[in-house]
1. By per-residue mean of other Cβ atoms within 10 Å, what is the highest-first order of 150-160, 96-106, 71-81?
2. Please report SER127, SER216 as a ranked list, fewest other C-beta atoms within 10 angstrom at the top and most at the bottom.
3. Let a ≥ b ≥ c be the square roots of the eigenvalues of the Cα gyration tensor of the range 87-202; is it rounded (a/c under 1.5), or, if not, prolate (a/b larger than b/c) or oblate?
4. For ASP111, enumerate residues with amide H under 5 Å from its amide H, sequence gap 5+ or separate chain, H modeled in the peptide plane.
Amino acid sequence: METTYVDLFATKGIEYLLVLGFLPVLAIFWRMLNASQYAAPVLAMAEATAGAVSPWFRIHEGIFYHQGHSWAEPEGIDVVRVGIDDFAQKLLGKASVVELPEVGARVEQGDRGLRVGIGGKSVEILSPVDGEIVERNEEVLRRPELINADPYGSGWLMKVRVPKMEANLRNLLSGTLASAWMEETVDGLRTRLAGEMGMLLQDGGVPVAGMARNLSPEGWDEIAKDFLLTR
């Protein structure tokens, strides 16, 4: 009996090429489909404008920013109000608990000064100044969500007496420097999102509230520590 060999690629070459060409497309589509369940709540695409940071991560005049995303606002000669900035509250998401030092305790600029809890985990925040706690915001202890609703207003955390006010403020950022720093922070966030999710942000695209948790539901606190400088 004579054996007949059929050259599949000769008889159905076009069909096989189409199938082979479709497989990579299918793989890419599947990856995008799986990534979208996390990407959708993380990203909100804003218009690509030069001042895209401002509407999303607010920077206030008269406030001095620590690079760990806490802030200090002078009140009188030697007292400042302290809180966390708009980027930090959007990074962390809705706060469930706030832990502050007791009145009379001392904090050091650049050291861990307070703690914010979200969904069973907590993240420490660096103090923007050296000094003694003279007042705590008792309302924010009762209603932690105030730091999300109004981080520069009713969501302030504590007041600190700062004997060396001028020296402390020199180490912080304000005005144009604070805006430039925030732009760099957003660029770093875009790079992190691209690396973690295998996708690129469009120009003007910025994250929304609770972005660390949406980016990594299990390891969001580690991502937060990187940006808050507490790792």
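1. Values: 150-160: 20.6, 96-106: 14.3, 71-81: 17.6.
Highest mean packing first, the order is 150-160, 71-81, 96-106.
2. Working: SER127 25, SER216 18.
By the 10 Å Cβ count, ascending: SER216, SER127.
3. Working: a/c = 2.23, a/b = 1.35, b/c = 1.65.
In terms of gyration-tensor shape, oblate.
4. Counting only residues 5 or more places away or on other chains, the set is SER127.
Each value in this text was obtained by applying a stated rule to the coordinates, not by laboratory testing. All values derive from a computational prediction rather than experimental measurement. Note: ideal-geometry Cβ built from the backbone for every residue, glycine included; neighbour counts use all protein chains shown.
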